[in-house]
Each structure stands twice: as structure tokens, then as C-alpha cells.
Amino acid sequence: MPIPCKAGCGKNAMLKRPKTGDALCKDCFFCAFETEVHFTITKAELFNRGDSVAVAASGGKDSTVLAHVLKTLNERYNYGLNLMLLSIDEGITGYRDDSLETVKRNRDDYEMPLKILSYKDLYGWTMDEIVAQIGRKNNCTFCGVFRRQALDRGAALLGVKCIATGHNADDIAETVLMNVLRGDIARLKRCTAISTGSEGTIPRVKPLKYAYEKEIVMYAHYKKLVYFSTECVFAPNAYRGHARALLKDMEKIRPSCIMDIIYSGETMAVKDEVILPTQRTCTRCNFVSSQEVCKACVLLEGLNKGLPKLGIG
Amino acid sequence: MVLKIAPILKKKPTRKLMIQKKLWKKNQRSLEIMLETKKVLICLTGGKSSTVLLDLIFNGLSQDNHKKLRIIPFFLHLTGIEQKEHDLKTAELIIRQCQHYNFNIYVVNISKFYLQNNNTLPEQNSTTEIINWTVSDPEANIKEILKKLTPTTSNDVEKRIKRDIFIRVASELQCKYIFTAETTTTLAINLLSNLVIGRGSQVENDVGFSDNRHENIKILRPMKDITEEELHHYIKVNKLNSVSTDHIRKNSLQSTIKTFVSDLQENFPATISTVCKTADKISSTENNPKRCQMCKSYFNMMTEKMTAIQATIFSRTVSNCQPSEYYNVDQNTNVKSPLDHHHHKTSMFPYIDNKLCYSCSKNYLERGLQDIFEIKSNP
């Protein structure tokens, strides 16, 4: 028996929203999803009129949906933003080279300029070469540290006001769990912030912070967006996989747990007596760092000198 | 200083002394608070950690003068959640356990005590509370109400009710301190469970060494640094018998977390200790002086421009009406303002930040809870 769309448009429902459990038709779902992102952007005051924004694009579902929605909302609500795509090539064969083709497709579909930076050009190493040196266990550390710096450099080259990343609610919930399991207090404090950045750096915002991963997939599927859906070849060995498995199990029991974890993260704070690292600049490359020499420089030094474990826990 | 219990030990008495010494060192903090003899309420479930706590208390009281544990202990066992026969058996075994040390214990039925207006306690060492308890009003039976809730909420509400009863019994007996027997594993599971139901800000009181939510009575967790392995060895060496097992309802978030933590601990042995250390460093954001009526935690003052609560309420709003209704247009000024989410706010988070905290507010929505818990109308 067909159920009517909960939003009261008169059509029959086509899907059930994982976030609230309401049954909606396709168009009302699109409308609801887009309006929620608009609400997040306006309430959290993420952008200002006339800003240039770099959308961090990997070709995956999150960044494709982010680019599509930002373009749609920019036109619909007249944000006045200048959008462009920024992509990083880590040099992972069979994964990144394919996904870059998708990013180029996005550039053409959404008519946004695209800039690609590669690890090879920036650091002289591709991820494949790095993994050959250090093995498969701690490679995500290298990739993550290098990518953050690469995004900052790319944004500086493009001269943008801020970077928009496609982190969704599931990502943030996983990060909170992972930081608690690893005892990373400094990151725990920052990871639920919707806008991160400090003096002298280009801020990064997460407009999809409250969007469930399942809904992003549904949106991309029903809108027939083109995206690259394979996961990174090195992902199975990452510690994050444990947190993700736990989150998926819990989501089956209580789907609202994702929002509950984000709420917990937002209301937690660090005790006053705990000493947190202070921010300064790296003595070598002048990027933001909490130590004298930033992590990227340390890791790079280790790789170049043949001491790959330098900088790893 | 971490004790590594060597798998092969030469002399049994040395091992026993080693473990006892170590456990006492860990309890030093709680001992420092005991400058004069104080009355303490000790809550026992009959599980492994309760059994060890009982033995440690007995040993502490039998020490020489300057090392002696200066407390007047009262013992409490809460019952009435499981099957009657099971409850009876557990209670009888715990009474016998206590009498072995010449201690007396109160066995209190949760349903009966929680709903009575006064704090009168039953006779010590008797199981009449279990045998004579009949369900006169099923609406008022905590056991039945807990069954109606989802397992996750049930586990959570049971903890809050038990805490409430501990405080009431302690004030009846004029005890300023309460000891509970949580260990590293239980606390790691509690921290993660609190995190996933939205109680991340309450970690300091729920999982830390002391729970200071009541003005006069502190709940202390003297065994918080003791691991499961140490418990296991202590019980074996001293030939103790634990009488029951911890009860977490199946198919709940808490049971999922329990399985997850024990699995992860096998591959990453530092997991539980890391999680416990993290718990020690977490507090909450600026506190509102108002408190949640159910769990007595302080409300959080949200300083961010946008929070998860607003996002959730907006999602509900947007899924239930047409786009033209999202925004109200003020008739006088013709200015658009976001839809008044008041209706959805009260239906999704009743009394939030006013009388109930985030998680208690969500729990309150479940049928059955409103029967036993009335929101007091005066703030």
C-alpha cells in the first residue's frame, strides 16, 4: 500500500529518510536535504558575500554532492560566492588516477575551474613509493598530514577565502570515537567544530556536517550524479576502520546515535589543568605547527633519509 | 606504576601480599579523604568487582591503627529487576557473603523504594523485600516499565534510578560517601556508552573518580584503576566466590560497545587504559546553574552558533511540511524569519535545557517513562 509523502505534497513516498525515519517522495527529499545544508550554512555563518571558496574535490560521493549542492544553493539563494574545485593527487595507482577523471567530469558538469596538486610535485614522493618504504600500517598518517598541507598550499595559490570539505556526520562521529579510543585530547576538542582554522591559516568548513552518509548516497543516486565509489586501496588497515565498524553496528540499533555522538563532542571540553600544545610556525617551512618542526617536514625528512619510522608514534 | 602480574609465581603468600599492597596503593586517594572516621555506604551487586571490594574493605578495617581504613561501613544491594527466583538466589548469596565477614547488608527492592515517599529501609539481612513484593499496580512497577523501553534506554534509565536510590539510602543512614565497585573495563564501557547517547558532557561525574552532583554526598569509585585481570587474580588467590554477573541488556548500544571494547582490547592492549585516561581529562563546557531533574547533571551552555539539536529539529521540520511553510513571514514588517520550530522542539526534545538534559529528554519520549517520572512544574 503506497504511503503518502510526509511533507504533504500529495505524491507517494519513494524513500525513507535514515535521519528522521520520515517517508518522502524524491523531490521533497531533495528539497529537504538542500534546505538543511542551507540552514547549516546560514546559521553557522560559514560564508560571506563575495568570498571565493575552494571545494576540496576527490571525485567521491561527498565532494561531488558538496560541489553540486553548493552550486545549486549559490544560485538559488544568491550567496554571491565564487566557487572552484581543488584536487590532490596522492599518486595511488588504481584509485586516485581514476578518481581524478571523475573530478574533471565534475569541473565540466558544474562549470567550475579546477586546480590539481600532486604529492610528487610538492614533496617528491607518491603514496605508492611511501608505502613501499614504510609498509601498510601507518601510511594513512603520511597521506593525511601531507594532504592537509597540500590543501593549504593549493588554497593559498588560488587565493581563496576558505576551503569547503565534504566531511559528513558519519565522518565526524567516527573521528570523535577514534580520538577517544586513542586518547587524542587536542583533536577531540577541535574535531566537532564546523569551521576550523586559526590566525594565519585559511579556514576549512564542513557544510555537510549534519548530513548522514546514507542520505548523501541517496541524494547522489537519485540525482544521478557522477561519482567515484571505490574506497582507497590502503583503507582496510586503518585504525579508523574499527571506529567505523562500531558506528555502523550502532546505527542499526539506533540511527540517531550519530547525531548524539556529535552532540556529545560539541558539549565536551578539556579540563583546565590539562596541558594542550600551543600553536606556532614550523622553523623549516613556516606552516602552522604545534611543534618546532611540523609533522610534514618530520615525515619527509624521515623518508628522504631512509628512516621511515621517524615521526611515527 | 603498572603492576605486571607474572604468570608463574614462586610463592603464593608473596603474590597475595603483592596484589593487596598494589590495590591499596591504588586506593590511596580515597583513603586520603578519610581523615576522620566517616560513615560510608557501599553498594554491592555481587559481581566480581563487588566481591573484591568487600574483601578489601574487610582487610582495610582489620589493619593496624595507622593504616586502618577509618570508615563505618553500611552495605546495600539493590534487587527487583530480574526474575524473582534469580533475584532471591543472588540476594541470599550476597547476604551469606557479607555475614562471612560479620557485615550486615540491606537488600532493597528498586520498585518499592523508588516509588515510596520516604526513605525507610527494610530490616538488614532479610530477603522479605523480594519474597513479599507483589505487583499491585503494574504501571508503578519499575521492572515492567523498564521492559517497555528500548534496551538502550532501559540500561541508561536503570543506572539513573539506581544512583538516585543510592543517594536516598545514604542520606537516610547519614553517610557522606558512597563507594561503588566500577573497574577500568566498566568505566571504559560507560564512557563510550555515555558518548553515544549524548551524555558526553557528563563524563566527569559519571566516569571519573568522584561524582559530585549532590551537595552533601559524594559517590566515589575507589577501584577505578583496577583491571579485570587483577580482579581475576585476586579472586583466585584469595579463593573468593562472586555470586552474579553484570547485567547489560542485549541488542542495546551498551552491549555492542562492550563486545567492541573486549575485541579491540585483544589487538590493542592499551585500549581500555587509554580510554580511562581520556575520561580523566574531559569536563564539560560552561555550566548553567540549572540541573536536569532526572540525572541531576548541569545543563550545557551552548556557545556555538549552530548545534546538533537545532540541526535535528530542523530536519524534522523540513521533512514534515512544504517548502513554502519553512519560513514565517511577519505580517507587519514583511520580514522572513525561520519557521518557529517550537512545536517540533517540544515534541522531539521535551523540556530540554529547562528541566531535562539532552539524553534524559530523549528517554522521556519513550512510553512508560512518563508514568513513573513526573516533571516537577516549579523550576
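Looking at region B:147-252, which trypsin sites (Lys or Arg not before Pro) are DSSP coil and have at most 10 other C-beta atoms within 10 Å of their C-beta?
Filter output for region B:147-252: B:K239, B:K250.
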Report the convex hull volume per residue for region A:155-313, counting only C-alpha atoms, in Å³. 171
Mind checking A:187-200 for the average number of partner chain beta-carbons within 10 Å of each residue's beta-carbon? 1
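With the Cα gyration tensor of chain A in hand, convert its eigenvalues to equivalent ellipsoid semi-axes via √(5λ) and list them largest first in whole Å.
They are 33, 23, 20 Å, listed largest first.
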Mean 1/r over distinct Cα pairs of region B:34-83, inverted to a Kirkwood Rh in Å, yields 12.1
Based on the alpha-carbon gyration tensor of region B:140-276, what equivalent-ellipsoid semi-axes (square roots of 5 times the eigenvalues) come out, in whole Å, largest first? 24, 21, 16
For B:272-282, what's the mean count of beta carbons from other chains sitting within 10 Å of each residue's beta carbon? 4
Where Rh is the Kirkwood radius over the Cα pairs of region A:1-111, the temperature 4 °C and the viscosity 1.567 mPa s, what D in µm²/s does Stokes-Einstein return? 81
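From other protein chains only, count the Cβ atoms within 10 Å of every residue's Cβ in A:254-260, then give the mean.
6
Would you kindly work out the equivalent ellipsoid of region A:219-308 from its C-alpha gyration tensor and give its semi-axes, the square roots of five times the eigenvalues, largest first in whole Å?
Those come to 34, 24, 15 Å.
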Rounded to two decimals, the Debye log10 I(q)/I(0) of region A:208-257 (Cα scatterers, no solvent) at q = 0.23, 0.30 Å⁻¹ is -1.08, -1.09
Please identify the trypsin sites (Lys or Arg not before Pro) of region A:44-123 that satisfy two criteria: DSSP loop assignment and at most 16 other Cβ atoms within 10 Å. Which are they? A:R49
Intensity falloff of the protein assembly as shown expressed as log10 I(q)/I(0), Debye formula with alpha-carbon point scatterers, at q = 0.05, 0.10 Å⁻¹: -0.29, -1.05
Calculate the translational D of region A:59-114 in whole µm² s⁻¹ from Stokes-Einstein, where the hydrodynamic radius comes from the Kirkwood formula applied to all Cα pairs, the temperature is 10 °C and the viscosity 1.306 mPa s. 133
Summing +1 for each Lys or Arg and -1 for each Asp or Glu, what net charge is found among the other residues whose Cβ lies under 14 Å from the Cβ of B:T128? -2
Just how many % of Cα pairs in region B:80-226 lie over 19 Å apart, if you round to the nearest whole percent? 61
Span-rule helices in chain A, defined as complete DSSP H runs reaching 24 Å or more along the axis (Cα) with Kyte mean at least -1.0: A:26-43, A:139-158
Report the per residue volume, in Å³, of the convex hull enclosing the C-alpha atoms of region B:58-108. 73
Percentage of interatomic Cα-Cα distances in region B:215-313 larger than 21 Å: 62
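Each value in this text was obtained by applying a stated rule to the coordinates, not by laboratory testing. In this text, all values refer to a predicted model and were calculated from it rather than measured experimentally. We place every Cβ from the backbone using ideal geometry, glycine too, and count neighbours over all the protein chains shown.
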